[in-house]
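Each remark here refers to the structure printed beneath this line.
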């Protein structure tokens, strides 16, 4: 089977119950102070762009999910993993 | 009897030599080797210490890359047969990422790297790291970390199983918000596994074991290392 190149973009974010002081600081100490008081919440996280070879988009997504779970790329105690986008690269 | 301890050196460890110095020159009845993480073999040792530092640059998350090191597979054998497995600071982060200990260590709530002397209250004195202390003892010891905010979604279980070993407190032993330097849940500074042979905590005992390094000339840090020796002696006798 031909394997093609795919790009998978994921984010790792703290769970809502775990405080995110980085996001809080951006909102409180920068945006609110500079007049953007319409912004009431910011959450920060990590973004990973992963390029890999797979049979199709579905397989690419499954490999990334398995890899992230098995190797604890995200910490399930404190973080959620979100697959933002899978595309041909 | 002389006990044999390995201090594991990862790329980015920086409290490894301080720990070796205290073990070999200050603590009695112990012989410590500095061991590169890829070369560590558990069969030669009575216990292992994962020292402080920034293993693998704290990339992705503090401790996660080191948690996949071959040294951790070796340490798991020691964990399972009851030998002491101790994590100091970055070592504690590695132990939680390797799932030897529950929970996780998040960015300090101040977002700052905090380096200062704090007070530590002893909550459980039967572990591999605290058996030379008394419950409610308050110890003077420094911290130096940016990711030390302990978090768990299972606090009740930790409390019921007596797994909370140390908490940040005032000098008088009160568990106040002001005494909590990093925003840790319930002032938690260190925890253990159910068998109490694996203990991780954020402060640095290797920086508090000689009077010349302590602002009040205390050497409370030595109690942690003496406890490891005692735990091994009791275990083999």
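The values are calculated or read from the model by the stated rules, or taken from the named source; none is laboratory data. Fair warning: this is a prediction, and the values are worked out from it, not measured in the lab. Please note: Cβ atoms are built from the backbone with ideal geometry, for glycine as well, and neighbour counts cover all protein chains shown.
Scanning the range A:1-18 for residues being buried (at least 16 other Cβ atoms within 10 Å of the Cβ) and within 11 Å of chain B (Cβ to nearest Cβ) gives a total of 3. Note on the range A:19-63: residues that are over 15 Å from residue B:111 (Cβ atoms) and within 11 Å of chain B (Cβ to nearest Cβ) total 2. Got at least one residue in the range B:108-115 being away from every other protein chain (no Cβ under 12 Å), buried (at least 24 other Cβ atoms within 10 Å of the Cβ) and either touching a residue at least 60 places away in the same chain (Cβ under 8 Å) or under 24 Å from residue B:167 (Cα atoms) (or both)? No.
When residue B:236 is tested against (1) under 16 Å from the mean Cα position of the chain (by Cα); (2) modelled with pLDDT under 95, exactly one condition is not met: (1). Per the listing A:64, A:39, the residue uniquely at pLDDT 95 or above and touching a strand residue (DSSP E or B) at 6+ places or on another chain (Cβ under 6 Å) is A:64.
Of the residues making up the range B:173-183, those that are over 16 Å from residue B:124 (Cβ atoms), in contact (Cβ under 8 Å) with a residue 24 or more places away in the chain and surrounded by fewer than 22 Cβ atoms within 10 Å (Cβ to Cβ) are B:179, B:183. Which residues, taken from the range A:64-87, are surrounded by fewer than 17 Cβ atoms within 10 Å (Cβ to Cβ) and either under 19 Å from residue B:106 (Cβ atoms) or more than 14 Å from chain B (Cβ to nearest Cβ) (or both)? Residues satisfying the conditions are A:65, A:66, A:76, A:80, A:82, A:83, A:84, A:85, A:87. Where strands (runs of 3 or more DSSP E) fall entirely within the range B:121-206, those with at least 2 residues that are in contact with a strand residue (DSSP E or B) (Cβ under 6 Å, 6 or more places away or on another chain) and away from chain A (no Cβ under 14 Å) are at B:138-145, B:164-169, B:188-192, B:198-201. Taken over the range B:186-206, the criterion of being within 22 Å of residue B:63 (Cα to Cα), surrounded by fewer than 21 Cβ atoms within 10 Å (Cβ to Cβ) and touching a residue at least 60 places away in the same chain (Cβ under 8 Å) is satisfied by B:193 alone. All of (1) out of contact with any strand residue (DSSP E or B) (no Cβ under 8 Å at 6 or more places or on another chain); (2) free of Cβ contacts under 8 Å to residues at least 40 places away in the same chain hold for residue B:11 with one exception: (2). Of the listed requirements (1) crowded, with 23+ Cβ neighbours inside 10 Å; (2) in contact (Cβ under 8 Å) with a residue 60 or more places away in the chain; (3) farther than 12 Å from residue B:122 by Cα, residue B:226 misses just one: (1).
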